[in-house]
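Visitor: Pasting a structure here, questions to come.
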Amino acid sequence: MARIRLDTNAISDWPSFHEECRRALGFPDFYGANMDAWIDCLSYLRDPAAGMSAVALGPDEALEIEIPDAEVFRRRVPEIAAALWDCTAFVNRRYTSDDERAPLVLVPVDR
């Protein structure tokens, strides 16, 4: 299983969220920095030739996205945290509707 870690301390608004995701997930230069683009990039995790992310998964592999200080993050930027959870579920439904394993696992970590 692949794993990345979002630096939640670096996220204070939408631009910083998308910049952190670009860094952590290796999104391409043409990444649109919105949640539709986020969904699009993560919908190609099992198609590395598409060049949508530096992360490449095998057919049965999943990506764990570690969310440090998850509760503090949720309270500080509730709209962004909710969108992260909702859009992760959306990406997973895209895969499972095609009878593939869900590729994303959010791992909240509170200290």
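Every number in this text was worked out from the coordinates using simple rules, so none of it is lab data. Being a predicted model, the structure only gives us computed values, none of them experimental. With ideal geometry, Cβ positions are generated from the backbone for all residues, glycine too; neighbour counts draw on all protein chains shown.
Visitor: Efficiency by 1/(1 + (r/R0)^6): what FRET value for Arg23 and Glu100, r their Cβ-Cβ distance, R0 = 30 Å, to the nearest 0.05?
Guide: 0.65
Visitor: For Asp36 and Trp85, compute 0.36 nm times the residue count separating them, minus their Cα-Cα distance, and round to one decimal in nm.
Guide: Net length gain for the segment: 16.3 nm.
Visitor: With helices defined as uninterrupted DSSP H runs, which ones in the chain have an alpha carbon span along their own long axis of at least 15 Å and mean Kyte-Doolittle hydropathy of at least -1.0?
Guide: Long hydrophobic helices here: 14-25, 78-96.
Visitor: Further question: What percentage of all Cα-Cα pairs in the chain are separated by more than 25 Å?
Guide: In whole percent, the long-distance tail amounts to 15.
Visitor: Of the options Leu57, Pro15, Asn92, report the single residue whose Cα projects farthest towards the positive end of the charge dipole of the chain (beta-carbon charges: Lys, Arg +1; Asp, Glu -1).
Guide: It is Pro15, whose Cα lies furthest towards the positive end.
Visitor: Related question: Size of the dipole of the chain about the Cα centre, Lys and Arg at +1 and Asp and Glu at -1 on the beta carbon, nothing else charged, in debye to 20?
Guide: 200
Visitor: Which three extents, in whole angstrom, do the alpha-carbon atoms of the range 1-63 cover along their principal axes, largest first?
Guide: Cα extents, longest axis first: 34, 23, 16 Å.
Visitor: I would also like to ask the following. Give the residue list of chymotrypsin sites (Phe, Trp or Tyr not before Pro) in the range 1-110 that are DSSP loop and have at most 13 other beta-carbon atoms within 10 angstrom.
Guide: Here the sparse-neighbourhood loop sites are Phe30.
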